[in-house]
Each structure stands twice: as C-alpha cells, then as structure tokens.
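To start, the structure under review is shown below, and the notes come after it.
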Amino acid sequence: MKLSSAQIAQYDEQGYLFFPDLLDSDEVAVLQEAVPEILNRPGPEIITEKEDPSSVRLAFGAHTYSEPFRRLTLLPRLLNPVRQLLRDDVYLHQSRINPKQGFGGGASWDWHQDYPPWNSIDGMPEPNCIMVSVFIDDCTAVTSPLLIVPGSQRHGLLDAKLHKDAAGRGYALHHIDNATFERLAAENGIEALVGPAGSVAFIHCNVLHGSANNVSPWRRAIMYLIYNAVSNACTGTERPWYQNNRDFTPLCPLDDSSLKALA
Ligand SMILES: O=C(O)CCC(=O)C(=O)O
C-alpha cells in the first residue's frame, strides 16, 4: 500500500488515517487465535488491571514471542505507509496489546498523549513516531472504542502530570488537565474509532486519546505497534526491552501474504 500525497497531508493535519478492513478475515483469525496464550504468559511484560489482577490490562512485546504478531509488524501494508509518514526507515520502539476485556474488566484510560514518557524516560528526541492501532476484535460504539481528538498533535507536548498509579504498575501515563482537554475538544471535536476487526489506524504519537470502561460482554482488543524513525532513536536505557526496544535496525517488509500463510 502506498499513501497518496493527499493522505499524507491529511495525516499531517488530522494526526491520523483510518483504513477499515486492512487485514482480511483469515489474517484476523490467525491473530485472534494467538491472543489467549499471550495473555496467559507469566512475566513482567504482562500488566494486570488494578481492580482485577486476573484481567490483563496490557501485554507488551508480543511481536518478539508470537509468530503471528511478528509477521504482522513486518507487513508491507503497515510498514510502507509508516515509512512514508515518518519520512525515514523505522524500527519498533514498543508493541502492546490492550485486550480491553468485557464486563467492565477493561478499565478506562484517561486522556493522554503517548509521547511524554517516551521523551522524558526513554529519551526519544522528537515526536516522530506513530502508534499503529490494529483492531484484533470489532471496535463498536458499545465496546468502548478508542477516542481521539483529531489534530491535537499540532499543539505539541501538552502540560501533563505523571499518573503515579500507572507508573507503580509498570507503565507510565501522563494525564492532561481538564481545562486543556476541554479547550482542545471544543476546537477539534472528539472522534470514536469504530470499525470491524482488521481495521487499522495510523495515529501520531501526540494525538490526545483515551477510552471508557468496556461494560459490554465482548472483548475489544487492539494491538498498538509503536514505530519510530531510526533517526529518532531513543537514548535512555532505564526501561526494559518490552517498553524501550534498544535494537534500532531498520525493519524490512516481509511478503504481504506472510500472515495469511499461517491461516
Ligand atoms: O485501547 C484503549 O482503550 C486505550 C489504550 C491507550 O490509550 C494506550 O495504550 O495508550
């Protein structure tokens, strides 16, 4: 897939591009089948919900230990647009699955930008990084979709406070204050990213986003692939491999059918 100059301009303006059904149903089935084993892993890369330690909040690093997810990260359909948008070769800074379990198990995410901890803790020089959001399950109005404030990346790094509780549970989150959120939402609106499993959103790392509790009975998993420009490699070494990958080798695409080949 090659983005047109109009799509690149749209990304620069709105901070995201959305493609429904970028993966087909066979590819989605391969990824869905791999999820339970990932969520059952022991190890610090699996972060559980505060209120329910039996429910996983984030599973980091699956591309390193799950073959379907490794292949996903190297599909030309994802890599080529990312390289175009970042105007560089890329490596994967981080990957994380948010399974967002149903029955309220997938708790809310307050409004935040992703870039602050990568900048202040991992030493990422610039917000030249993309959060590719791959819908593993259907994301609908009732399964607590990802909400974004389009165009908010144009406001740069917003004032935010480190959420201590998140830091204590192995990941960092910077919440912005209500007044700033209200101003940006009034200016740009809020959009819900809804679409069938297999849809993909390319989101700038400074786009303000969040989500509510998933009170539906259905899981709403999204795999977040954080691609960084190789010229923007991180200098920090504090965080572990699954949050701050230190291998900056440029990624090379596989054949576009390599995920489907596992079906
Ligand atoms: O998937 C969600 O509900 C939100 C996740 C999120 O905001 C994040 O991982 O930064």
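Which condition number does residue 260 fail, the rest of (1) of a type in the set (Lys, Arg); (2) farther than 20 Å from residue 22 by Cβ; (3) out of contact with any strand residue (DSSP E or B) (no Cβ under 9 Å at 6 or more places or on another chain) being met?
Only one criterion is unmet by residue 260, namely (2).
Do we have residue 227 as in contact (Cβ under 8 Å) with a residue 24 or more places away in the chain, more than 11 Å from the ligand (Cβ to nearest atom), part of a strand (DSSP E or B) and among the hydroxyl-bearing types (Ser, Thr, Tyr) here?
Values: in contact (Cβ under 8 Å) with a residue 24 or more places away in the chain: yes; more than 11 Å from the ligand (Cβ to nearest atom): yes; part of a strand (DSSP E or B): yes; among the hydroxyl-bearing types (Ser, Thr, Tyr): yes.
The answer is yes for residue 227.
I'd like the full set of residues that are more than 27 Å from residue 35 (Cα to Cα) and in contact with a Pro (Cβ under 8 Å, 6 or more places away or on another chain), limited to segment 208-232.
Scanning segment 208-232 gives 230, 232.
Any chance segment 84-92 includes a residue that's in a strand (DSSP E or B) and among the basic types (Lys, Arg)?
Residues of segment 84-92 in a strand (DSSP E or B): 90-92.
Next, only the ones that are among the basic types (Lys, Arg) stay: none.
Scanning segment 84-92 turns up no residue that is in a strand (DSSP E or B) and among the basic types (Lys, Arg).
Determine, yes or no, whether residue 134 is within 14 Å of the ligand (Cβ to nearest atom), within 26 Å of residue 80 (Cβ to Cβ), out of contact with any Pro (no Cβ under 9 Å at 6 or more places or on another chain) and at pLDDT 95 or above. Give the steps one after another, and end with the answer.
Details: within 14 Å of the ligand (Cβ to nearest atom): yes; within 26 Å of residue 80 (Cβ to Cβ): yes; out of contact with any Pro (no Cβ under 9 Å at 6 or more places or on another chain): yes; at pLDDT 95 or above: yes.
Here the answer is yes, as residue 134 does meet what is asked.
To keep it simple, each residue is scored yes or no on (1) basic (Lys, Arg); (2) modelled with pLDDT of 95 or more; (3) closer than 24 Å to residue 241 by Cβ.
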position	(1), (2), (3)
9	no, yes, no
20	no, yes, no
23	no, yes, no
52	no, no, no
68	no, yes, yes
73	no, yes, yes
77	yes, yes, no
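The values are calculated or read from the model by the stated rules, or taken from the named source; none is laboratory data. Given the structure is predicted, the values throughout are model-derived calculations rather than measurements. Every residue, glycine among them, receives a Cβ derived from its backbone with ideal geometry; neighbour counts consider all protein chains shown.
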